[in-house]
Amino acid sequence: MSLFGADTHTLDDLFVHGLKTIYYAERQIVETLPKMIDMATNLELKAGFEQHLRETENQRRRLEQVFEMHGTTADETTCPAIDGILKAANGTASDIDDKQVLDAALAFGAQMVEHYEIAQYGTLIAWARELGRTDCARILGETLDEEKATDAKLSDLAEARVNRAAELQRA
Ligand SMILES: [Fe+2]
């Protein structure tokens, strides 16, 4: 079984396939984030998820723009990788009663998603440049910056939690 499908022969095919995959992934994320917002108890985490939901909706629109610039219709290809990450993240979180542990699990799940997206967008940008589509690369770069900023924010939240726990232990 081919990872990219029988119709993939050129770098251009790979690029379009990648766009379809991340377009699907962004929709799955838009559908999952409201559940994560409901579950999160830490207000900063909740607000971060709310902000990222708005960003993700806009990221879908950016992808539609890139499809159009590239002369292709916006379309989705199922991505088992993001399905697996979201399933694992939600499955773990839904079993946890302790609020702090639940928030930690949600933030961990969100970071797994961000790392997946950073890998996807990083590769798509490199391919876009290789194909001479610096215009597409620039738009995809705006999204990559948002994903990286979200990842950094999640790391800061985790760090703050570790520091709080250490303070409580000292007290
Ligand atoms: Fe995204």
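The values are calculated or read from the model by the stated rules, or taken from the named source; none is laboratory data. Since the model is a prediction, treat every value here as computed from it, not as a measurement. Here the Cβ is made from the backbone with ideal geometry for all residues, glycine too, and neighbour counts use every protein chain on show. Note: accessible area is taken over every heavy atom of the protein model, side chains too, but ligands, DNA and RNA are not part of it. Shrake-Rupley method; radii C 1.70, N 1.55, O 1.52, S 1.80 Å.
For the range 20-58: of the residues being small (Gly, Ala, Ser) and within 15 Å of the ligand (Cβ to nearest atom), which is surrounded by the most Cβ atoms within 10 Å (Cβ to Cβ)?
Out of the qualifying residues, it is ALA25.
Does ASP75 satisfy the condition of being open to solvent by 60 Å² or more (accessible area, probe 1.4 Å), farther than 23 Å from LEU131 by Cβ and more than 13 Å from the ligand (Cβ to nearest atom)?
Details: open to solvent by 60 Å² or more (accessible area, probe 1.4 Å): yes; farther than 23 Å from LEU131 by Cβ: no; more than 13 Å from the ligand (Cβ to nearest atom): yes.
Judged against the criteria, ASP75 is not a match.
What residue, among those in the range 109-130 that are in contact (Cβ under 8 Å) with a residue 40 or more places away in the chain and open to solvent by 50 Å² or more (accessible area, probe 1.4 Å), is nearest to the ligand (Cβ to nearest atom)? Steps first, please.
As a first pass, look at the range 109-130 and keep what is in contact (Cβ under 8 Å) with a residue 40 or more places away in the chain: 109-111, 113-114, 116-117, 120-121, 123-124, 127-128, 130.
Retained after the next criterion (residues that are open to solvent by 50 Å² or more (accessible area, probe 1.4 Å)): 123, 127, 130.
Values: THR123: 14, TRP127: 18, GLU130: 22 Å.
Among them, the one singled out is THR123.
State whether the residues of the range 131-147 include one that is away from the ligand (no atom under 16 Å from the Cβ) and among the aliphatic types (A, V, I, L, M).
Yes, the range 131-147 contains a residue that is away from the ligand (no atom under 16 Å from the Cβ) and among the aliphatic types (A, V, I, L, M).
Which of (1) modelled with pLDDT under 95; (2) open to solvent by less than 50 Å² (accessible area, probe 1.4 Å); (3) not in a helix (DSSP H, G or I) does ALA89 not meet, given it meets every other one?
(3)
Determine if the range 59-70 includes at least one residue that is open to solvent by 70 Å² or more (accessible area, probe 1.4 Å), within 12 Å of the ligand (Cβ to nearest atom) and of a type in the set (D, E, K, R).
Yes, that holds for at least one residue.
ASP83: under 20 Å from GLU159 (Cβ atoms) and assigned to a helix (DSSP H, G or I), yes or no?
When the stated conditions are applied, ASP83 does not pass them.
For LYS99, work out the one condition from (1) at pLDDT below 95; (2) under 22 Å from the mean Cα position of the chain (by Cα) it doesn't fulfil.
(2)
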